[in-house]
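To start, the structure under review is shown below, and the notes come after it.
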Amino acid sequence: MQGSEHCVQKHWDQLVHCTWIWDSDLHPKSRNNTLMKYADDTNFLVPVNTTCTISEEFDHIKDWAKANKMVINMSKTKELV
């Protein structure tokens, strides 16, 4: 993962302001597929006519998660047709 961080801290009796901005390096395997991210949710759109199947795309996501030491909650993972 890549990102940047900025944090201004003062004494304990003063306001502390922190801003954290992170950008994910998770991208679709195929340019024909669409990745939409919001907070901790990720959605992939895989059209019928694509160079990569939904199974290949999901394997790509699982590989990315494993490489980044993340776990995919399979009970919250759904396929909509």
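The values are calculated or read from the model by the stated rules, or taken from the named source; none is laboratory data. As the structure is a computational prediction, the values presented were derived from the model and not from experiment. We place every Cβ from the backbone using ideal geometry, glycine too, and count neighbours over all the protein chains shown.
Details
- Segment 2-25, residues that are within 20 Å of ALA67 (Cα to Cα) and either surrounded by 10 or more Cβ atoms within 10 Å (Cβ to Cβ) or at pLDDT 55 or above (or both): GLY3, TRP22, ASP23, SER24, ASP25
- The residue that is modelled with the lowest pLDDT, among those in segment 36-81 that are touching a Lys or Arg at 6+ places or on another chain (Cβ under 7 Å) and farther than 14 Å from LEU26 by Cβ, is CYS52.
- For segment 26-62, residues that are assigned to a helix (DSSP H, G or I) and loosely packed, with under 11 Cβ neighbours inside 10 Å total 1.
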